[in-house]
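Here the structure comes first, spelled out in structure tokens, and everything after it is commentary.
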Amino acid sequence: MTGSVLAIDQGTSGTKALVICPERGVIGSGTAPVRPRHLPGGRVEVDPVELYESVVDAGRRALAEAGEPVAALGLANQGETVLAWDPATGEPLTDALVWQDRRAESVCTELAPHAEELRHLTGLPLDPYFAAPKMAWIRRHLTRGGVVTTSDAWLVHRLTGAYVTDAATAGRTQLLDLERVEWSPSALELYGLSDERLPDVVDADARIGTTTVFEADIPLTGLLVDQQAALLAQRVTEPGTAKCTYGTGAFLLAQTGTAPRRGDSGLVSCVAWRLAGRTSYCLDGQVYTAASAVRWLTDLGVISGAADLDPVGGAVPDSGGVTFVPALAGLAAPWWRGDLRGSLTGLGLDTAPGHLVRALCEGIAAQVVALADAAAADLGAPLASLRVDGGLTRSALLMQTQADLLQLPVEVSALPDATALGVGAVARLGIDPELSVDDALPDRKPSAVYEPRIGPDEAAERLAVFRSAVATLLDREPV
């Protein structure tokens, strides 16, 4: 039996660290905030030093609470957040462009004739959400110095001196050959990045190096992008199963097994993880704004925070005819129209805060239904249920709305920190190669199961109203 591990989830709005004991579960936790800046023109950036310091602070707090040493470290990351930095000193040369940042739209416009080539090669559509357009934009507009990578490579270098990224994170760049799971010379050439020194692509459970920033020497043996770490923690390891994480955005992933599955429903085909040299793949769909849309309502003063969703939304029986398409950072899968803005229609003098809350919950849930339908189409069979995790799963209103519109059971994870638990399991695999994946994972008993309370006809009617609002947005000329 391996010892305890320190699992760190470096996220968009904060970093969470857990000390996980194989026998006793979570014995220590720590958090540290991260404050991305939302700027005009769809820019979202963050100070890289703040990312690193949040990792150190959260990790130290978790270790202090646990009060005992750990055998290994696992690190999960945001995936598509990028920066340029000096590999000699480790100092950042630019701010980090967060995954929500849209400034690389011009790069994608130039590459539009090669969109299908890139999609077939990498599994990803041409969109500034992914890392490569941001990397190219940094090279054109900010600096030619140092290296330009996803944030995990910089964090790992600061922690251990190694220069690596895991296969799943590399798969979020649009520079990885999906079949070969190695950097693609063709994609690099298209983006003008052929001369870049890119990090080595390693297994998620690789022994990467040792860090001393937490006082004792700790080997880094787990590295995995956040949504795939949550996918693993939810035990979505067999084809046909799916999970959705409701965080800053909402992310639905469906397992496809040992071969990538390229469909035409608008989902991304990508690496789920590579463990002990064996690659698993998944379908991936994104909703750009979930908790960030709740935060937007909060900033407007409609509610005081996510905890208000249920009491405020529960004060009214329905949305009162209000329809909210919360595309506040554009529409992601399956539409891929990041240029669009959100819409709020059906307002009247009788519209109350509860109607806006319910309309938001319906808007988030309806987008997830679109992702689930696309996954079912690409898999060739409907999903049997949806496993969910993330902060917004605390809202019974949102979860019931999701079950109603999806017309499937929604199983809420009893694991509030699935991403950290997933990368913690990977770290255990890295220090004990004899351990099976199944034995490394936490138990997956749901804390709640939401069954549909409405029939399929009413669900179809409500979805049709939302889809009509989306169609109105799609008919607009690109900005």
Within region 384-465, which helices (runs of 4 or more DSSP H) (wholly inside it) include 3 or more residues that are modelled with pLDDT under 95? 418-431, 437-440
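This table checks each residue for (1) in the same structural domain as Tyr129 (by TED's automatic domain parsing); (2) out of contact with any Gly (no Cβ under 9 Å at 6 or more places or on another chain); (3) aliphatic (A, V, I, L, M).
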| position | (1), (2), (3) |
| --- | --- |
| Thr160 | yes, no, no |
| Thr165 | yes, yes, no |
| Arg180 | yes, yes, no |
| Pro199 | yes, yes, no |
| Ala216 | yes, yes, yes |
| Pro219 | yes, no, no |
Pairs please, first residue from region 344-360 and on the phi > 0 side of the Ramachandran plot and in the same structural domain as Arg467 (by TED's automatic domain parsing), second anywhere and surrounded by fewer than 24 Cβ atoms within 10 Å (Cβ to Cβ) and not in a loop (DSSP other than H, G, I, E, B), Cβ atoms under 7 Å, 6+ apart in sequence or on different chains. Gly346/Thr323
Go through region 63-111 residue by residue and tally those that are crowded, with 18+ Cβ neighbours inside 10 Å, among the acidic types (Asp, Glu) and within 16 Å of Pro199 (Cβ to Cβ). 1
Qualifying residue in region 2-21 (condition: farther than 22 Å from Ala229 by Cβ, charged (D, E, K, R), surrounded by fewer than 24 Cβ atoms within 10 Å (Cβ to Cβ) and assigned by TED's automatic domain parsing to the domain that holds Val201): no
Among the residues in region 90-97, are any in contact (Cβ under 8 Å) with a residue 40 or more places away in the chain, hydroxyl-bearing (Ser, Thr, Tyr), assigned by TED's automatic domain parsing to the domain that holds Val181 and assigned to a helix (DSSP H, G or I)? no
All-but-one check, Val156 against (1) buried (at least 24 other Cβ atoms within 10 Å of the Cβ); (2) touching a helix residue (DSSP H, G or I) at 6+ places or on another chain (Cβ under 7 Å), failing number (2)
Could you tell me which numbered condition Gln255 fails, if it satisfies all but one of (1) in contact with an Asp or Glu (Cβ under 7 Å, 6 or more places away or on another chain); (2) more than 19 Å from Ala425 (Cβ to Cβ)? (2)
Being assigned to a helix (DSSP H, G or I) and of a type in the set (D, E, K, R) is the filter; apply it to region 129-148 and report the residue that is surrounded by the fewest Cβ atoms within 10 Å (Cβ to Cβ). Arg140
Criterion first (more than 15 Å from Thr211 (Cβ to Cβ), crowded, with 21+ Cβ neighbours inside 10 Å and of a type in the set (A, V, I, L, M)) does Val46 satisfy it? yes
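The values are calculated or read from the model by the stated rules, or taken from the named source; none is laboratory data. Note that this is a predicted model, so its numbers are computed, not measured. Cβ sites come from the backbone with ideal geometry, for glycine too, and all protein chains shown count toward neighbours.
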